[in-house]
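Read the structure below first, then the notes.
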Amino acid sequence: MAITMAQALNTALHDAMEADDKVVMFGEDVGTLGGVFRITDKLQERFGEKRCFDTPLAESGIVGTAIGMAMYGYKPVVEMQFDGFTYPAFEQIVSHLAKMPNRSRGTVQLPVVVRIPYGGGIGAVEHHSESPEAFFSHVAGLKIVSPGTPSDGYSLLRRAIDSPDPVIFFEPKRRYWLKEDAELPVTTEPFGTAVVRRQGTTATLLAYGPMVRTALDTAKAAEEEGWDLEVVDLRTLNPFDAKTVVASVAKTGHAVVIHEAQVFAGFGAEVAAQITERAFYDLEAPVLRVGGFDVPYPAAKLEEFFLPDTDRILDAVERSLSF
Amino acid sequence: MAAAPLTPDPATLLPSLEPVQLLDNQGVLHEVDGYPLDLKDEDFRNLYRFMVLARRVDKQGINLQRQGQLGVYASLLGQEAAQVGGAYALDEQDWVFPSYREMGAALVRGVDPGKILQLFRGTWLSDHDPHATHFGLLSIPIATQALHAVGFAMGAKLDGKDLVVMSYFGDGATSEGDAHEAMNFAAVYDAPCVFYVQNNQYAISVPLSKQTKAPTIAHKAVGYGMPGYRCDGNDVLASYAVAKQAVERARAGEGPSLIEAITYRMEAHTTADDPTRYRTAEELAEWNARDPIARFETFLTKEGLLDDAFRAQIDDEAKAYAARMREEIYDAPHGDPLELFEHVYVEPPASYDEQRALLRRELEAQ
Ligand SMILES: Cc1ncc(C[n+]2csc(CCOP(=O)(O)OP(=O)(O)O)c2C)c(N)n1
Ligand SMILES: [Mg+2]
């Protein structure tokens, strides 16, 4: 059956709430409305206002109270309405959500999931298209997840809710309507397991979240050039599956990392460093990064010039191959 | 057209113009309408005992810092009544979410002060079990703990548990966004929560007048739709009675309250601070004359509740506490470096194996 990413995520939330009555959901407009992207659609209707509720408009408040509820014994799954509005919650995420289990020597556990619809490509007004994953990947104590397919959307979100550690769950909003033939429930590999989405021999494209689809489209287009590209979907940025990444690069000798976020100090820099440290002699060219330019996320009519696309990726592959 | 009545009626939320005071500066007890004292002799003695212990333990903290045993220490001197009175209004099942200055409240909750000091020694980031003591981790990022308190209270309410959460923070903290968000959330959800502000007049060097234009901190409560209370924070009986009222309100399902306990930080902000740069000796002397312990002592003596035997008993207990703190802190070794990798994740990433191995090699090479 064809399901969308949005349906997969909604079903995952539903099934998690059904499986465990400690799972509660809250955020801005997630109750009656079902979220601005409808990812929490019908959850309040099904599970009641106590377990799925609208909060005042305050992101730090949402994450801060989620921490308190988790200390009490609940498993809060909270929504940041958009990527660019996560920043008010930054202090609670960085100073408490990530650190409290460690500070408390393990006496406090915080099984909290912070869901963030992220990324551009939907023609949105400013602050609605950002990719802030690098900020959070830099924080010890958090797990960072970003699914690229509906199946992974379902399975990784279920795993995130079951995780005893706090998870920042980045949902690729431009792929909410991406379809896949799948039956729910579906179980894919655990956190820390990247997956080879397409086998290839010429070069490796490394992507996550919204760029997985773009990487696969690029690999298809590259066939015309006679290139057989391998596509690795990282799935979780932390834990990072160095093994799968290195195995792929060992095979192809060329690596191109792709994300929407600006390249400078982006997550791609970490991937490039991991490959360089672990597979230096397998490399036939430096690891190249393809991403947004090092400028603020642009106005909607200009985003197509900012975002990495097939052309920009193929250009990088060519530079790598001719190095 | 007649204006519809406002709910809640703002007039019912306003704090009293004069702070509630039951014991005046001379230690004379005055009855105040609406704040009956439900304390037995044993409770009076206990309040005194906790205040004296807090002062002794606090002095030990300062001394340990001076001896180079603690990196820094934040004194509660002058705030014993506010801290002890507030926490004493809680029942066993209730919780406290403190800032970093709440040694007095910690004592009331049965937290070992030596454990609290491990943070200031730098042994570990925290060393007591919140679930065993119902006392949250010390929280240094200002006002952030108020949200944890509200979330905890929301959880308790959702779970149908009879449990009240008291969040301590300072006058400066009331300017932070998190304090605002916490009070707003608590009010919206009728969370069983008490916001207990110790207005000790300063946020490091910045006086309250530069912190807010509000008539008083307690008046801010009205904007959230919850009652505000002001009390003489150097009067342990007023601090207790006001807190008790707020706690009972929360327990009865009537929602949160905001308490402003007016007090004064007699010591520097922390041992690293020089208060002579921002406040006068006269001001200090003025507050010294309102000492919370001296006034309660006068009262207890008059009531025949404080005899030499009881004093000696507390003195012994205080000495034993201080000795134990010295024992636990003096030359306490830092923790096991390899523990750095524990407790960060329940399910740690594979990279921890490599990094742990690196640290182990470094340790072996020493
Ligand atoms: C978010 C944040 N900003 C700044 C600081 C530095 N700081 C530590 S204590 C303090 C003053 C706090 O004053 P108040 O809330 O009145 O509490 P008090 O220290 O008087 O008990 C400041 C500015 C901090 N700890 N956290
Ligand atoms: Mg202060």
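The values are calculated or read from the model by the stated rules, or taken from the named source; none is laboratory data. Source: prediction; values computed, not measured. So basically every Cβ, Gly included, is an ideal-geometry build from the backbone, and we count neighbours across all protein chains shown. Accessible surface is based on the protein model in full, side chains and every heavy atom, while ligands, DNA and RNA are left aside. Shrake-Rupley method; radii C 1.70, N 1.55, O 1.52, S 1.80 Å.
For this structure, a couple of remarks:
- Rounded to the nearest 500, the helix-only mean residue ellipticity at 222 nm of the protein assembly as shown stands at -12000 deg cm²/dmol, with each DSSP H run of n ≥ 4 adding -39,500 (n - 2.57).
- When you work out D = kT/(6 pi eta Rh) for region A:172-221 at 37 °C and 0.692 mPa s, using the Kirkwood radius from C-alpha pairs as Rh and the Stokes-Einstein form, the result is 257 µm²/s.
- Take each residue in B:120-130, count the other chain C-beta atoms within 10 Å of its C-beta, and the mean is 3.
- Within the listed set A:GLN92, A:GLN199, A:GLN262, the Gaussian network model of chain A (springs between alpha-carbon atoms below 10 Å) gives the highest mean-square fluctuation for A:GLN199.
- Other protein chain C-beta atoms within 10 Å of residue C-beta, averaged over B:137-150: 5.
- 3J(HN,Hα) from dihedral phi, region B:143-156, Karplus parametrisation 6.51/-1.76/1.60, rounded to Hz, x for glycine, proline: 6, 5, 5, 4, 5, 5, 4, 5, x, 4, 5, 4, x, 4
- Extent of region A:150-189 along its three principal axes (Cα atoms, max minus min coordinate, largest first): 30, 22, 12 Å.
- Percent of alpha-carbon pairs separated by more than 25 Å within region B:221-333: 52 percent
- Computed from Cα atoms alone, the Kirkwood hydrodynamic radius reported for region B:1-140 is 17.5 Å.
- Descending Cα extents along the principal axes, region B:196-262, whole Å: 39, 28, 16
- Using alpha-carbon coordinates, inclination of helix B:177-188 to the longest axis of chain B, degrees: 60 degrees
- If you run the Gaussian network model on chain A, springs between alpha carbon atoms under 10 Å, then out of A:ALA265, A:ALA207, A:ALA89 the most flexible one is A:ALA265.
- Pairwise Cα inverse-distance average, inverted: Kirkwood Rh of region A:1-127 (Å): 15.1 Å
- Most fluctuating residue given options B:ARG121, B:ARG295, B:ARG311, as computed from a GNM of chain B linking Cα atoms under 10 Å: B:ARG311
- Convex hull projection area averaged over all views, region A:84-168, Cα basis, nm²: 5.8 nm²
- Between the helical axis of A:242-252 and the longest alpha-carbon principal axis of chain A there is an angle of about 20 degrees.
- Region A:212-323, Cα convex hull volume normalised per residue, Å³: 105 Å³
- Of every Cα-Cα pair in region B:74-167, the percent that sits beyond 15 Å: 59 percent
- Backbone amide hydrogens, once placed in the peptide plane, bring B:CYS193 within less than 5 Å of B:VAL165, B:SER257, excluding anything fewer than 5 places away on its chain.
- Principal axis extents of the C-alpha atoms in chain A (largest first, rounded to whole Å): 59, 41, 38.
- The per residue volume of the convex hull around the alpha-carbon atoms of the protein assembly as shown is 184 Å³.
- Antiparallel bridge percentage (DSSP; both residues within chain A; nearest 5): 20 percent
- With all protein chains in place and ligands, DNA and RNA left out, the 1.4 Å accessible area ranks B:LYS210, B:LYS319 as B:LYS210, B:LYS319, largest first.
- C-alpha long axis of helix A:5-19 to longest principal axis of chain A, angle in °: 40 degrees
- Solvent exposure ordering (accessible area, 1.4 Å, most first) of B:HIS134, A:HIS254: B:HIS134, A:HIS254
- Summed buried accessible area for A+B [probe radius 1.4 Å, Å², rounded to 100]: 3700 Å²
- Solvent-accessible area of the protein assembly as shown (1.4 angstrom probe, protein heavy atoms only): carbon and sulfur portion equals 52 percent.
- Peptide A:230-239 is shielded by partner chain Cβ atoms: per residue, an average of 1 of them sit within 10 Å of its Cβ.
- Cα-Cα separations in chain B greater than 32 Å, expressed as whole percent: 34 percent
- Values of log10 I(q)/I(0), in the order q = 0.13, 0.16 Å⁻¹, for region B:158-282 under a Debye, Cα-only, solvent-free model: -0.54, -0.78
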